[in-house]
1. Is it the case that some residue within region B:35-48 is at pLDDT 95 or above, surrounded by fewer than 14 Cβ atoms within 10 Å (Cβ to Cβ) and away from DNA strand C (no atom under 16 Å from the Cβ)?
2. Which residues, counting only those in region B:74-86, are surrounded by 12 or more Cβ atoms within 10 Å (Cβ to Cβ) and charged (D, E, K, R)?
3. Between a first residue in region A:38-58 that is closer than 12 Å to residue A:20 by Cβ and a second residue that is within 8 Å of DNA strand C (Cβ to nearest atom) and in a loop (DSSP other than H, G, I, E, B), which pairs have beta carbons less than 7 Å apart while being 6 or more apart in sequence or on different chains?
4. Restricting the search to region A:79-113, which residues are touching a residue at least 24 places away in the same chain (Cβ under 8 Å) and more than 21 Å from residue A:35 (Cα to Cα)?
5. Tell me, yes or no, whether region A:103-120 has at least one residue that is within 13 Å of chain B (Cβ to nearest Cβ), in a loop (DSSP other than H, G, I, E, B), at pLDDT below 95 and closer than 18 Å to residue B:209 by Cα.
6. Kindly indicate the residue of region B:132-146 that is more than 7 Å from chain A (Cβ to nearest Cβ) and within 21 Å of the chain's Cα centre (by Cα) and also surrounded by the fewest Cβ atoms within 10 Å (Cβ to Cβ) among those meeting that condition.
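The values are calculated or read from the model by the stated rules, or taken from the named source; none is laboratory data. Just so you know, these numbers come straight off a predicted model, no measurement behind them. Cβ atoms come from the backbone with ideal geometry, glycine included; neighbour counts cover every protein chain shown.
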2 protein chains.
Amino acid sequence: MKQRNDTRSRRQRSLTREQIIDASIRLLDEGGEGGLTFQALSKLLATGPGAIYWHVADKSDLVTAACDEIIARTMEAKPAGASPQETIRALALDLFDAIDAHPWVGAALMSAPGQLPMVRIFERIGQQVRSLGVSAEHEWSAVSALLNYILGVAGQNAANAKLAAVQGLERASFLGEVSAAWSALDPESYPFTRSVAAQLPAHDDRKDYLDGIDLLLRGIVASS
Amino acid sequence: MKQRNDTRSRRQRSLTREQIIDASIRLLDEGGEGGLTFQALSKLLATGPGAIYWHVADKSDLVTAACDEIIARTMEAKPAGASPQETIRALALDLFDAIDAHPWVGAALMSAPGQLPMVRIFERIGQQVRSLGVSAEHEWSAVSALLNYILGVAGQNAANAKLAAVQGLERASFLGEVSAAWSALDPESYPFTRSVAAQLPAHDDRKDYLDGIDLLLRGIVASS
DNA sequence: ACCTGAACACCGTTCAAGT
DNA sequence: ACCTGAACACCGTTCAAGT
């Protein structure tokens, strides 16, 4: 009985890397980048920090793994677009939504260049660019332009969300404050920024985002 | 005499925001994002942490201010390009070099959306895009595409430098390791990434970067 | 007005000791 | 093989007390 109990409880209780990553995602979603703590994680998993270190190398490893989990899920759903352009658009939108739902993923992606999560995205975009018939010469810059645009916009959106949260504001009133600050800039030095300040709060993020993707696609096919 | 001495030493010794920012830049350049510490800063300035808090709100304020100092310097040099395209290219290259020299600026920019350093870049790019004759409808996505591409590439470069430093590797051998890892990926799932893995270590960063800028510019003028 | 420096709460990580 | 939990070194920030 002792043994049977031992085995059962071992199986039920024993920590897995997956459990740790899932719990980490929950904490990151709730509290942002600062929400993931070995203390909070230990409490959530009813264990000690040492136990976690048996399964992960360090915090950076943990965040990258959590990020990869989100990206892998997002990239699994393979939208079968009518054209490569359509597929890239769908892909970009999926990523936008994923990072919108998990803002910490933006920063995590940025700090893990060449690692698995980035490679997943790189691969999907690369395949579509290739089937677009882009020449080998322009392939790299086409993929790089799309990748960086997607990450950049998503990252900015995430940072906006975080800043708004820190200041305890709604997204709308946060953009309103930024817009007001832009309108107050020196007209001599900042004519362009002032002239678009009023548009800022009314912007449709998703539409602007897709406009940028389309602009990139035009530039890519123009380079044949 | 007492008074005169007092005044003199006050003037010489008294902490200014500029001194704090300059010292912060030095620490960030030397030790990356983790190199800036109120402890290290206090020691460098021969004072206590409380004195620093009299001049800056918190660490985030300090990093943003340090970032703005770098960006302001970079944006001051106004390259008078022959065409808007040339000016944008020169601008992009200046930013690339600045972030290459101060890798922490990449992350700092990303986490300060709508703040002064970003606005400086936004304005310069916006003015050039406007003089390119882009329609009001496409203006925002054109500027946003350029801005995000520039920040994305620069940020990735910075992250590469940081990762290489952490692993104690030269840049070249770090890219070699990434290339090797990419070559070892599953051929079924990662055909694209595998096919470009060999090119990775030989890439000319600056050339690829400018290729991307040109691609964007083509897409922008194509949208007239 | 500006600085001092001890103190606080909290963090990632380690490690001897257990099972 | 896997977990416990105390301990370590360090961090950003505060604040009563000084000048």
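1. Checked against the condition, which is being at pLDDT 95 or above, surrounded by fewer than 14 Cβ atoms within 10 Å (Cβ to Cβ) and away from DNA strand C (no atom under 16 Å from the Cβ), region B:35-48 yields no hits at all.
2. B:86
3. Correct list of pairs: A:42/A:48.
4. A:84, A:85, A:87, A:88, A:89, A:91, A:92, A:93, A:95, A:96 - these are the residues of region A:79-113 that are touching a residue at least 24 places away in the same chain (Cβ under 8 Å) and more than 21 Å from residue A:35 (Cα to Cα).
5. yes
6. Among those that are more than 7 Å from chain A (Cβ to nearest Cβ) and within 21 Å of the chain's Cα centre (by Cα), it is B:143.
Yes/no per residue for (1) touching a residue at least 24 places away in the same chain (Cβ under 8 Å); (2) of a type in the set (Val, Ile, Thr); (3) in contact with a helix residue (DSSP H, G or I) (Cβ under 7 Å, 6 or more places away or on another chain):
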| site | (1), (2), (3) |
| --- | --- |
| A:131 | yes, no, yes |
| A:137 | no, no, no |
| A:144 | no, no, yes |
| A:148 | no, no, yes |
| A:193 | no, yes, yes |
| A:221 | yes, yes, no |
